[in-house]
Amino acid sequence: MDPAPSPDSSAPLSAPKSTGEIHTLSVVITIVATLSATGAAWMIMGFVLNKSLRSFRHQLVLGLAVSDLCMAINFLSSAAANLSGNNIGLGRMKTFCSFNGFMIQTFVDQTDYWVLCIAACTFIMVSERKSLSNWIQTYRVVIFAIPWILSLLWATLGLSLVGYGSIGAWCWFTSDKTRLLVNFLPRWIIIALMLALYIRLYFVIHRAHKNFVSIDDGDYEMGSRFKSSTTATVTATATGPSTPTTASDAPGVAPRRRAIRSKTAAPDLQRLAYQMMLYPLVYILVWSLPTSIRIYQAVTGKSAPFTIATIDESCIVIQGLLDAIVYGCNEKTFAGWKAAFTRKKCL
């Protein structure tokens, strides 16, 4: 195995200080990146196999899953290079390191743009902005292109102006200040926008839930008022010949049906409201430690302890798994998988 590069004053603060630490970090990143790739593959397979998971919003989630998978593969490639004895910090690995850093910068940024697109498009569609909703679904290729164009642009500028170097298990910007300005500051702006959109959506959905409850109460009151007439046969007197109407068409039955539907819809809306708030909270949780470490190292000029630094880098790598949990694990997804397997058994 090649020795670790000799530490010097210009070495990245995030980089491990010994061969043993590089090996340990690479093993951890390999495990976490494998979990992340598995989560991304779960979302992709769900879209491919389940016809019920191919709506416009699911297409956006598919874009996120592809970015997560590509990001995880690049983390795996650099960690595997370290474990095979080709330390990515050595001079002969410079070309690989530049390519690895470019790809990781591309897809780390791209996932941020995807989650913002998902939040914005969800807000537009749920809040019933019909003209704008129709536009984004008609010209969806524009929405799909935005994350790719922006992420490739910033990654290219990073390669041209600053360059990428080894930070241990993969290559990225070696300066904490650069990463704070280029990656973490924009990311927290995106998280703040997501939080604002989902808080607004929470109240929209919560208000709809309250409306369902009030409709439910009114329908049951109306149903009891017409209870005596539900068993009668009603004759329609509108234009055309008289048509006998059965008890299911009596005045009190339709309200009761609406009441039953509202009984089902109200908990679903409440669950959806809570799920919406989960999205930004997960991102806040995941990126809090890496951001804190960047600030600490940029201000003090000291490296964080190796254990903390390993957890810090794992938080960045695990994003694909968390996206799979947040966006790819819900009742509709599981129902879609169940339906897909049921169809296969029938065949």
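The numbers here are math on the coordinates, done by the rules we state, and not lab data. Quick caveat, the model's predicted, so the values are computed rather than measured. Cβ atoms come from the backbone with ideal geometry, glycine included; neighbour counts cover every protein chain shown.
Neighbour counting of Cβ atoms within 10 Å sorts the residues E128, E313, fewest neighbours leading, into E128, E313. Highest mean packing first, where packing is the average number of other Cβ atoms within 10 Å per residue, the peptides 141-154, 315-328, 193-206, 52-65 line up as 315-328, 52-65, 193-206, 141-154.
Each Lys or Arg adds one and each Asp or Glu takes one away; over the other residues whose Cβ falls under 13 Å from the Cβ of L193, this sums to +1. For segment 141-176, the residues whose amide N sits under 15 Å from a probe point set 7 Å from the Cα of F184 along the beta carbon direction are 173-176.
Spin-label pair I311-S288: with each label point 7 Å from Cα along the Cα-Cβ axis, the two points sit 1.2 nm from one another.
Note on M276, M125: ascending count of other Cβ atoms within 10 Å places them as M125, M276, the fewest first. Potential lengthening of the chain between Y296 and F96 amounts to 69.1 nm, from the contour at 0.36 nm per residue minus the alpha-carbon distance. Label point of T19 set 7 angstrom out along Cα-Cβ; within segment 61-102, amide nitrogens under 12 Å from it belong to 85-87.
For the peptides 43-50, 294-301, residues were scored by their other Cβ atoms within 10 Å and the scores averaged per peptide; the highest-first order is 43-50, 294-301.
Net charge around P305, counting only other residues with Cβ within less than 14 Å of its Cβ (Lys, Arg = +1; Asp, Glu = -1)? Net local charge, P305 excluded: -1. With neighbours defined as other Cβ atoms within 10 Å of a residue's Cβ, the residues I22, I284 order from fewest to most as I284, I22.
Listed values for segment 153-164 are Karplus-derived 3J(HN,Hα) couplings in whole Hz (6.51 cos²θ - 1.76 cosθ + 1.60, θ = phi - 60°), namely 4, 5, 5, 5, 4, x, 5, 6, 8, 10, x, 10, and x replaces Gly and Pro. Compared with the rule-of-thumb size 2.2 N^0.38 Å for a compact globular protein, segment 13-62 has a Cα radius of gyration ratio of 1.78.
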